[in-house]
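Rule-based calculations on the coordinates, nothing more; no lab input. Just so it is clear, the model here is predicted, and its values are computed rather than measured. Here the Cβ is made from the backbone with ideal geometry for all residues, glycine too, and neighbour counts use every protein chain on show.
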Amino acid sequence: MDKELPQGVSECQAGGLSVFKDKADAYRIIRKIPRFRKAKPALGILTPNLGKILCNPSQSSQSHHTWWVPANEKPWTVFQVTNVD
């Protein structure tokens with residue numbers, strides 16, 4: 001299904017996943033944005049073999065990064081679901 005990209009978001013950005021370096025930022029986003037309220041945060045350590053990462057802070061999160069996962073990688077193996085404090 002083709003979806004229209006939000007204004008100001010490139011195809012490249014849309015293909016990445018949002019991750020946060022600071023756990024508190026991730027928890028704040030989960031609490032603040034309604035569509036994420038049922039999200040289950042996960043903690044993990046990313047290594048260079050798990051893809052490219054770009055730091056792109058926003059007004060709501062200084063630790064926001066976009067992560068592009070290579071095809072055939074299984075990134076969920078390095079994360080553990082945690083509870084929002």
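Below are the figures for this structure:
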item	result
Tail fraction, Cα-Cα pairs, the stretch 11-81, threshold 19 Å, whole percent	35
Eligible lysines near residue 32 by straight Cα distance, threshold 18 Å, same-chain separation 8 or greater	21, 23, 40
Added length on full extension, which subtracts the Cα-Cα distance from 0.36 nm per residue, residue 23 to residue 78	18.2 nm
Loop-located trypsin sites (Lys or Arg not before Pro) in the stretch 10-85 whose Cβ has at most 11 other Cβ within 10 Å (DSSP)	37, 38
Helix-derived mean residue ellipticity, 222 nm - over the chain, DSSP H n ≥ 4, -39500 (n - 2.57), to 500	-4000 deg cm²/dmol
Amide proton proximity set for residue 69, modelled H, under 5 Å, gap of 5+	17
Relative contact order, percent, the chain [alpha-carbon distance under 8 Å, six or more residues apart]	34
³J(HN,Hα), Karplus 6.51/-1.76/1.60, whole Hz, each residue of the stretch 55-66, x for Gly, Pro	6, 9, x, 10, 4, 8, 7, 6, 9, 5, 9, 9
Distance in nm between pseudo-label sites at residue 3 and residue 71 (7 Å out along the Cβ direction from Cα)	2.2
